[in-house]
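Asker: For reference, the structure I am asking about is given below.
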Amino acid sequence: MQGETTSQTVQGSIQPIKKTRRAHIMSNLKRDRHYYFLMAPYMIIFFTFTVIPVVFSLALSFFYFNMLEFPRWVGWQNYSRLFLNDDVFLIALKNTFLFAAITGPISYIACFVFAWIINELSPKVRAFMTLIFYAPSISGNIFFIWLIVFSGDSYGYMNGILMKLGIILEPIQWLADEKWILAILILVQLWLSLGTSFLAFIAGLQNIDKSLIEAGAMDGIKNRWQELWFITLPSMRPMLMFGAVMQITQAFAVADISIALAGFPSVNYAGHTIVTHLMDFGTIRFEMGYASAIATVLFGLMIGTNLVTQKLLRKVGE
């Protein structure tokens, strides 16, 4: 009897708690309804064109679907084919990892370093230098410049300079030689990397509270490096995280540079990436189930890299 009474008492106490929580949630929804109303158009578009396609792609990766026949369930067959039977995908995976491991960290650090240096300049010079550094990332036909630089004849700038200096005797087929393709793609990506992250870092540096720097000087910060580590970087964590997400996305989703410079497909797949492999099966062969499996693997790589980056950024300033 005593046990039954105790359980009834516990259940009776839980019900008011649930009602209180529900009332609290409803109260917050009613209080903040204007914010939710303003967010509604974006959230509708985001779920319609981002969340739903991602979920649909994940589900479709377990089917065979060629856009003509009704999807047929194949289970894990697409993934086993991807890692066990698709040699080109393994080449694309290696190229993408190498590309991301080099361009991701270097471009991220370069974005912050250049933003930090430019932030110390006068406002007019800062605005001009920001435009100069940001311009390559928004130039539409910028790849044609690099096609001229690495042209395979003697009129190409790189061949012309090297032949004039006597380093080489005949032109090098830069974009037709698998030894050079990936290195050139990495170089071009680094040159184009000062984009949105660069602007975000400049905005973050501009909004740092100057009183924190004065307080830090009173607490024993003696030089600019200590100021950078203990004040500047911790104050910019949101911008640093945003920049990291942008750089990771650019590093793993490279495709336009490879197609424009090395062709599609490139020589011996030397410039092949996961995204170009996805485009091959999704837009040319129309094997949508297999393409969805490739997209799911790429999505998982991006999520995993983002989680690791978040953990590293939490240690900034400690």
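Where a number appears in this text, it was derived from the coordinates with a stated rule and is not lab data. Just so it is clear, the structure is predicted and the values come from calculations on it, not from any experiment. Cβ sites come from the backbone with ideal geometry, for glycine too, and all protein chains shown count toward neighbours.
Asker: Counting alpha carbon pairs within less than 8 Å and at least 6 residues apart, what relative contact order, in whole percent, applies to the chain?
Answerer: Answer for the chain is 26 percent.
Asker: Relative contact order for the range 100-206 using alpha-carbon pairs under 8 Å, separation at least 6, rounded to a whole percent?
Answerer: 40 percent
Asker: Which of I109, I257, S211 sits closest to the plus end of the dipole of the chain, meaning its Cα is farthest towards the positive end, when Lys and Arg get +1 and Asp and Glu get -1 on the C-beta?
Answerer: Farthest towards the positive pole: S211.
Asker: Please give the length that would be gained between S80 and K311 if that part of the chain were fully extended, namely 0.36 nm times their separation in residues minus their C-alpha to C-alpha distance (nm, one decimal).
Answerer: Going from the current span to full extension adds 80.0 nm.
Asker: Which trypsin sites (Lys or Arg not before Pro) does the range 73-155 hold that lie in a coil by DSSP with at most 14 other beta carbons within 10 Å?
Answerer: none
Asker: Moving on. Could you pull out every residue, at least 5 positions away or on a different chain, whose amide H is within less than 5 Å of the one on F63? Hs are placed 1.01 Å off N in the peptide plane, and Pro or chain starts have none.
Answerer: HN-HN under 5 Å from F63: V74.
Asker: Next up: Suppose R0 equals 51 Å. What FRET efficiency, 1/(1 + (r/R0)^6) with r the Cβ-Cβ distance, do D256 and R21 give to the nearest 0.05?
Answerer: 0.55
Asker: For the range 164-249, which trypsin sites (Lys or Arg not before Pro) are both in a DSSP coil and crowded by at most 13 other Cβ atoms within 10 Å?
Answerer: Those that pass, being in a loop and sparsely packed, are K222.
Asker: Still on this structure: Cross-link candidates for K210: which aspartates and glutamates have Cα within less than 16 Å, leaving aside residues fewer than 8 places away along the same chain?
Answerer: Qualifying aspartates and glutamates at Cα under 16 Å: E120, D219, E227.
Asker: Still on this model: Please compute the net charge surrounding P171, taking Lys and Arg as +1 and Asp and Glu as -1 over other residues with Cβ under 13 Å from its Cβ.
Answerer: Net charge around P171: -2.
Asker: Under a 10 Å cutoff between Cα atoms, tell me which one of I221, I45, I118 has the largest fluctuation in the Gaussian network model of the chain.
Answerer: Among I221, I45, I118, the largest mean-square fluctuation in the Gaussian network model of the chain belongs to I45.
Asker: Which residue fluctuates most in the GNM of the chain (Cα springs below 10 Å): G152, G166, G304?
Answerer: Judging by the Gaussian network model, the answer is G166.
Asker: Looking at the chain as a GNM with Cα springs under 10 Å, which of S137, S122, S61 has the largest mean-square fluctuation?
Answerer: S122
Asker: Also, I was wondering about something else. Using the Kyte-Doolittle scale, find the helices of the chain whose mean hydropathy is at least 0.5 and whose Cα atoms extend 27 Å or more along the helix's long axis, counting only whole DSSP H runs.
Answerer: 87-119, 288-314
Asker: For S266, S211, what's the fewest-to-most ordering of other Cβ within 10 Å of each Cβ?
Answerer: Ordered from fewest to most neighbouring Cβ atoms within 10 Å, S266, S211 come out as S211, S266.
Asker: Hey, another quick one. Between I213 and Q173, what length in nm is gained on full extension when 0.36 nm per residue of separation is reduced by their alpha carbon distance?
Answerer: Contour length minus the Cα-Cα distance gives 9.1 nm.
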